[in-house]
Amino acid sequence: MTMKEEIIARLAAFRAEMTREGVAAAIIPQTDPHLGEYIADHWQVRRWLSGFTGSAGTLVITDREAFLWTDSRYFLQAAQQLEGTTITLMKEGLPETPGITPYLISHLVKGATVGIDGLLFSSTAVAQLRSSLEKHGLKLNAHFSPIDACWKDRPALPDAPVFVHDEKYAGRAAADKIADILREVKEQGATALLISDLAEVAWTLNIRSRDVNCNPVATSFLYLAPIGSTLFIDEVKVDEATRTYLASANVAVAPYSAILDFLKALPADATVLYEAPRTADRLVDALGLRGVAGASPVPMMKAVKNSTQIAGIRNAMEKDGAALVGAFMEIERRMRQGIKLTELDVADILTEYRSQQELYFDESFETIAGYGPHGAIVHYSATEESSVEIHPEGLLLIDSGAQYLDGTTDITRTIAMGTPTNQERHDFTLVMKGHIALASAIYPEGTRGDQLDVLAHQYLWRDGANYLHGTGHGVGHFLNVHEGPQSIRLNHMPATLRPGMLTSDEPGLYRAGIHGIRCENLVLTVNAFTTEFGRFYRFEPMTLFPWDLSLFDTAIMTDEEINWVNGYHQTVRERLWPRLNDQQKAWLQEKTRPLTR
C-alpha cells in the first residue's frame, strides 16, 4: 500500500469512529495539550491522518470530504503532499478561502455535531467555537478523541530524562523566578498559577530535556503556589538528583496523567490563574470556579533576557558564526571540486561543524536548505525523496540554527551558486533593503512589532512584490526557536518590544518554481537614548555571518544601506577573527570586503 493509499485508509477508519459517536465533522489541529507549535511524535495526529508534515495547519474531516487549512508558508508543500489523498487544500489568508467555522456552518445540516478533543483547543477557542456553532443550530462535542482506536502503533509519550540547566547559563535561580511569578500572580487576584507551555515550564524551573525535536523541553505541566508547587511529568524522567534539585525550589513531582484529577481536587477556595487563550479547555473545566482568567507573567519574564543570558547569546553567536565559516567553505570546496552536493548534504555539513563547538546540544530546528524552486517553499525541509543536487547556478536558501547551553541561534542566508542573474540580484537587494531598514530602526518605548513591520515590507510593495509570513519572532535562550510574546508581523500583536528581547529580522521574497530569498539575523532590543520625549530603543544585530556580496545591486541601494552592510561585515570580522584559523580568516576577509558602487 502506498502512502497515499494509507492516508485514505486512515481517513476511512477515523470516519467510522465519527459515525459511531454521531459526529458529522471533526477538527484536528497541529498541537498538543500544551498548545505548542513544536510537538512530540505522540501528538502528531494531524500529520498521521493527512500526510502533511508542515508545522502549521488544521485538518477537517466530514463524512465524505476532508480539508487541510494552512498558511502561505506551506501552500506549495501542502499541495504536493496532499495530492492523491482526497484531502483538499484550503489556503488560509486568501480572500476566497473561508475560515473553518464559517465553512462548517454553511455545509452542515442543523442539529449536526462537530467533534474536537478539548485537550487540543484552548478554553477561549472552545468557547468561541461553541457559541458560533450554537447560533446556527449546530452542536459541539469537546470530548471527541478517537485517535487511539485508529492509530494502533501510536508512539508513546516521550521519556527523555530531565536535566538541570545550570544557573551559570540561566542567570537566575528557579526559586527566585517562582517568587517573582507568584508576586505578580497575586496582583491579579490569584494565589496560584497553572503553566501548560513547555518552554515556560522549562524556563521557570531551569530544567531541560529532549522530548520535542530540536526544542529542549520536557512534556509536563507546572502548578505554582506558595505551598504545593507541583511538576506533573512522567516520573521515570526525573532522577533523584533532579528531584532533589526541584525540592530545593519547593517543587514536588507528580505523574503527568494526574493533572486533571489534581485540579479537580483543589480546595473550593483555591484561586488559580490561567491564560484562557493558551490553556486547554479540559484543564479549565477541571479548575471550574477555582480558575481565574488572566495574563500569565511568565512569557514576558522569559522573553526579556538577563545579563547572563545575553552574554551567553553573544558567545553562542560567535561559535555559530565560526562554525558556519567552516561549513560554507566546505560547501564551496565541494562545488569547486565537482563533488556531488545535495540539499541533505548541506544540512549534514552544517550540523557537523556546529557539533564541534563548545556547549553544542542540538539543532534549533531542522535545517531548511532549499535550492532553486525549493527555496520558494517557505518552510521546505528536504527528505530522501525530495532532496535535489545543487549545481553551480541559481540560488540556495539556507535557514538553520543550533541549540547551545548558552544560547539559541537562527540564521538564514541566501547565496548564489554561480553568477547571479539581474533578477536574482534585484530580488535579493529588495529583501535586504527591508532587512536593513528594520535593523536600523529607532523606536520609542511602547512600540509593538506590528508598528515596525512596514519597514521590512516597503521596498517589496513598491515593486509589486510581497511575502505573507511574519517578519520577526521571539527566540528563546537554550529554548524554543519560536517564542513570544513579541512578534514583528502585519497583524496586530499587543506585546511591546523591550530591552533584552531577542527577535528575528527575516523578510523574504518567493517566486514559485523559480527561487526563494530570505535574509535573517537575530537582533536584540537595546536602549538607544533618552530625550524629553522619553526612552528610545534600537536593534543590535546578534547574528555574525556575512551576506553574499555578489547578490547586491548597489544601483538601487542608498549610501546609508551600503555603509550598513560594510559596518555589519566589519563587526563580523572583529568578533569571529579570534575563533578562526588562517585559511578561514582569508575566506572571511574576502567575503566581507567593502561593498562599493
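The values are calculated or read from the model by the stated rules, or taken from the named source; none is laboratory data. Note that the structure is a prediction, hence the values are computed from the model and not measured. Positions of Cβ are generated from backbone atoms using ideal geometry, with glycine treated the same way; all protein chains shown enter the neighbour counts. Note: areas computed on protein heavy atoms with side chains; ligands, DNA, RNA excluded. Shrake-Rupley method; radii C 1.70, N 1.55, O 1.52, S 1.80 Å.
Report, in debye and to the nearest 20, how large the dipole of the chain comes out about its Cα centre when Lys and Arg carry +1 and Asp and Glu carry -1 on their Cβ.
Numbers: 55 positive and 75 negative charges, 151 e Å.
It works out to roughly 720 debye.
Using Cα pairs under 8 angstrom and six or more residues apart, how large is the relative contact order of the stretch 323-436, in percent? If you can, show how the numbers build up before the last one.
Working: 169 pairs, mean separation 26.5, N = 114.
23 percent.
Within the set of other residues whose C-beta is less than 13 Å from the C-beta of Met90, count the net charge using Lys and Arg as +1 and Asp and Glu as -1.
Details: positive: Lys91; negative: Glu65, Asp71, Glu92, Glu96.
With Lys, Arg at +1 and Asp, Glu at -1, the neighbours total -3.
Could you work out what % of the accessible surface of the chain is carbon and sulfur, using a 1.4 angstrom probe and leaving DNA, RNA and ligands out of the count?
In the chain, the share of accessible area belonging to carbon and sulfur is 51 percent.
If we sort 559-569, 218-228, 398-408 on the protection proxy, mean other Cβ atoms within 10 Å, highest first, what's the order? Please list the in-between numbers first.
Working: 559-569: 16.1, 218-228: 20.9, 398-408: 25.8.
Peptide ranking by packing, descending: 398-408, 218-228, 559-569.
Considering only Ala316, Ile259, Ala270, whose Cα is most displaced toward the positive end of the charge dipole of the stretch 253-316, charges sitting on Cβ of Lys, Arg (+1) and Asp, Glu (-1)?
Ala316
Cα centroids of the stretch 499-541 and the stretch 378-396: how far apart, whole angstrom?
The distance from the Cα centre of the stretch 499-541 to that of the stretch 378-396 comes to 27 Å.
So for the pair Ala311, Ser248, with labels modelled 7 Å out along Cα→Cβ, what separation do we get in nm?
Reported label-point gap for Ala311 and Ser248 is 2.0 nm.
Quick one: what are the phi-derived ³J(HN,Hα) couplings along the stretch 174-180, Karplus 6.51/-1.76/1.60 with θ = phi - 60°, whole Hz, x for glycine and proline?
4, 4, 5, 5, 4, 4, 5
Please compute the contact order of the chain in relative form: average sequence separation of alpha-carbon pairs under 8 Å and at least six residues apart, divided by the residue count, as a percent. Let's see the in-between values first.
On the way: 1247 pairs, mean separation 65.4, N = 597.
So the answer I get is 11 percent.
Taking every alpha carbon pair in the stretch 145-239, what does the distance histogram look like in 10 angstrom bins from 0, in percent?
15, 40, 30, 12, 4
Residues of the chain: accessible area per residue at 1.4 Å, in Å²? List each step's numbers first, then the result.
Working: 24190 Å² over 597 residues.
Using a 1.4 Å probe on heavy atoms only, each residue of the chain averages 41 Å².
What net charge do the residues around Ile390 carry, taking every other residue with its C-beta under 12 Å from that of Ile390, with Lys and Arg at +1 and Asp and Glu at -1?
Working: positive: Arg334, Lys340; negative: Glu332, Glu343, Asp345, Glu389, Glu393.
Residues close to Ile390 contribute a combined charge of -3.
Calculate the spin-label point distance for Asp239 paired with Ser550, positioning each point 7 Å from the Cα along the beta-carbon direction, and give it in nanometres.
It is 5.0 nm.
I'd like to know which of Ala241, Leu289, Ala79 lies farthest towards the positive end of the charge dipole of the chain, counting +1 on Cβ of Lys and Arg and -1 on Cβ of Asp and Glu.
Projecting each Cα onto the dipole axis, the largest value belongs to Leu289.
So, in nm, how far is label Thr419 from label Glu574 when the simple model puts each one 7 Å beyond its Cα toward the Cβ?
The two pseudo-label positions are separated by 3.7 nm.
What share of the DSSP beta bridges in the chain is antiparallel, in percent to the nearest 5?
Working: 62 of 80 bridges.
Restricted to the chain, the bridges split so that about 80 percent are antiparallel.
Along the charge dipole of the chain, which of Ser106, Gly54, Gly500 sits closest to the positive end, that is, farthest toward it, with unit charges on the beta carbon of Lys, Arg, Asp and Glu (+1, +1, -1, -1)?
Positive-end residue among those listed: Ser106.
Ranked highest first by average number of other Cβ atoms within 10 Å, how do 101-107, 358-364, 24-30 line up?
Working: 101-107: 15.4, 358-364: 18.6, 24-30: 23.1.
By packing density, highest mean first, the sequence is 24-30, 358-364, 101-107.
Between Thr19 and Asp159, 0.36 nm times their residue separation minus their Cα-Cα distance comes to what?
Numbers: separation 140, 0.36 × 140 = 50.40 nm, distance 3.45 nm.
The span from Thr19 to Asp159 would gain 47.0 nm if fully extended.
Which of these values of P(r) over Cα pairs in 20 Å bins from 0, in percent was calculated from the structure shown: (i) 18, 45, 26, 9, 2, 0; (ii) 17, 40, 32, 10, 0; (iii) 19, 52, 27, 2?
Step by step, P(r) over Cα pairs in 20 Å bins from 0, in percent for this structure corresponds to label (iii).
Please work out the FRET efficiency for the pair Ala175 and Phe536, using the Cβ-Cβ distance as r and a Förster radius of 41 Å; give the result to the nearest 0.05.
On the way: r = 36 Å, r/R0 = 0.87.
Rounded to the nearest 0.05, the efficiency is 0.70.
Suppose the chain between Glu590 and Lys264 were pulled fully straight at 0.36 nm per residue; how much longer would it get relative to their current alpha carbon spacing? All intermediate terms of the calculation are to be shown ahead of the outcome.
Numbers: separation 326, 0.36 × 326 = 117.36 nm, distance 6.47 nm.
Full extension from Glu590 to Lys264 adds 110.9 nm.
Between the stretch 1-68 and the stretch 274-311, what's the alpha-carbon centroid distance in Å?
Here the answer is 28 Å between Cα centres.
222 nm [θ] for the chain, helices only, -39500 (n - 2.57) per DSSP H run of 4+, per residue, to 500? It would help to have the intermediate numbers written out before the result.
Numbers: 19 runs with 210 residues, N = 597.
That calculation yields -10500 deg cm²/dmol at 222 nm.
Please tell me the relative contact order of the stretch 457-566 in percent, rounded to the nearest whole number, where contacts are Cα pairs under 8 Å and at least six residues apart.
Details: 152 pairs, mean separation 18.1, N = 110.
That works out to 16 percent.
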